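Reading through the structure tokens given below for one structure.
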Amino acid sequence: MRWRDLRRSRNIEDRRGGRSMGRTRGASHSGSLGGTGMKVGGGGILLLLLASMFLGTDLTGLAGGGSASGIGNTAQAPRSGSSNLPANDDTAQFVSSIMATTEDVWGPLFRQAGRTYTPPKLVLFSDGVRSACGYTSSAAGPFYCPGDNQAYIDLDFFDELRRMGAGGDFAGAYVLAHEVGHHIQNQLGLSMQVQRRQRSVSKTEANALSVRTELQADCYAGVWAHHAHKQFQLLEPGDLEEGMNAAAKIGDDAMMRSAGRRVRPESFTHGSSKQRQTWLYKGLQTGDANQCDTFRPNS
């Protein structure tokens, strides 16, 4: 991904080792991503052709071939804008840059809809963190807390993604954009509606609502990628394949199989690999948040 020359977000708070950096701005569920599973197959070229049509940019050269730069590659200081994160902390600079693109994408989209977008703050932590949603261990993965409008991530999670076979900078960016997707839901009032509904239905029905919530966040991540590429020419060879591969790895069915458990769809909380790929791609393909209505019957 071409992220190094982009501005950095200042909506970052660094709590690693007791540090606190960045501008302060004032869990229903975790957007945690993990597990192993299937890889994207030979349909990649078709996906790229379709994406080229909707993005107005030839992306067919992104299939295979090129090696995507990893998140942890050579450190480089920001060239446009600045954050209070260490210049030699490449992973922190990466997440700061990606968060800035989410701000630059969602701000105008909200204005077009007659709304005002208030960006979330991203909190970097190590081992565990306390939020308005309670204490959460790093083992739970990245998450968004509606109670304080903040997303949280232990940057070691990117190493876990690589161990899972879902590495690459676009895979990491997808994780962040997914959590921002939960913030979009919170700003639109969807999070509270889902929580109220979940308290009045069975466990199976509550899980189904959780799946729809997570798939919508995946779709919003795709919407971000669509517009971020149009604005910044963000994507490079291999990036789209990384994103689709990551979506396949983190499906509930893939995680259950990797844990040696029987696949039980009624216990899904995030969606199957196919569902996650489908909704991520739908957002990427259309760039239209209105197409992300996962709560529509038969969606």
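Return yes when residue 239 is farther than 16 Å from residue 177 by Cα and among the acidic types (Asp, Glu) and no when it is not. No: the conditions fail for residue 239. Any chance the range 166-173 includes a residue that's among the charged types (D, E, K, R), more than 15 Å from the chain's Cα centre (by Cα) and either assigned to a loop (DSSP other than H, G, I, E, B) or modelled with pLDDT of 90 or more (or both)? No, the conditions are met nowhere in the range 166-173.
If you go through the range 240-296 and keep only what is surrounded by fewer than 18 Cβ atoms within 10 Å (Cβ to Cβ) and in a loop (DSSP other than H, G, I, E, B), you end up with 259, 260, 261, 262, 263, 264, 269, 288, 293, 295, 296. Let me confirm something: among 216, 185, which residue is surrounded by fewer than 24 Cβ atoms within 10 Å (Cβ to Cβ) and in a helix (DSSP H, G or I)? Sole residue among the options that is surrounded by fewer than 24 Cβ atoms within 10 Å (Cβ to Cβ) and in a helix (DSSP H, G or I): 185.
Taken over the range 195-222, residues that are in contact with a Leu (Cβ under 8 Å, 6 or more places away or on another chain) and either over 21 Å from residue 117 (Cα atoms) or not β-branched (Val, Ile, Thr) (or both) amount to 8.
Out of curiosity, is residue 193 over 16 Å from residue 250 (Cβ atoms), surrounded by 17 or more Cβ atoms within 10 Å (Cβ to Cβ) and not hydroxyl-bearing (Ser, Thr, Tyr)? Here the answer is no, as residue 193 does not meet what is asked. Going by what's in this entry, would residue 206 be described as over 25 Å from residue 122 (Cα atoms) and hydrophobic (A, V, I, L, M, F, W, C)? When the stated conditions are applied, residue 206 passes them. When residues in the range 226-279 are screened for being under 15 Å from the mean Cα position of the chain (by Cα), under 16 Å from residue 210 (Cα atoms) and modelled with pLDDT under 90, 2 of them pass.
The single condition from (1) at pLDDT below 95; (2) within 20 Å of residue 95 (Cβ to Cβ); (3) surrounded by fewer than 18 Cβ atoms within 10 Å (Cβ to Cβ) that residue 206 fails is (2).
Restricting the search to the range 106-142, which residues are of a type outside the set (Lys, Arg) and more than 29 Å from residue 255 (Cβ to Cβ)? Those that are of a type outside the set (Lys, Arg) and more than 29 Å from residue 255 (Cβ to Cβ): 107, 108, 109, 110, 112, 113, 114, 116, 117, 118, 119. Examine the range 111-120 for a residue that is crowded, with 19+ Cβ neighbours inside 10 Å, modelled with pLDDT of 95 or more and out of contact with any Asp or Glu (no Cβ under 6 Å at 6 or more places or on another chain), and state whether such a residue exists. The answer is yes; a qualifying residue exists. Within the range 220-230, none of the residues are at positive phi and touching a Gly at 6+ places or on another chain (Cβ under 8 Å).
The values are calculated or read from the model by the stated rules, or taken from the named source; none is laboratory data. Remember, it's a predicted structure, so these values are computed and weren't measured experimentally. Neighbour counts run over all protein chains shown; Cβ positions are idealised from the backbone, glycine included.
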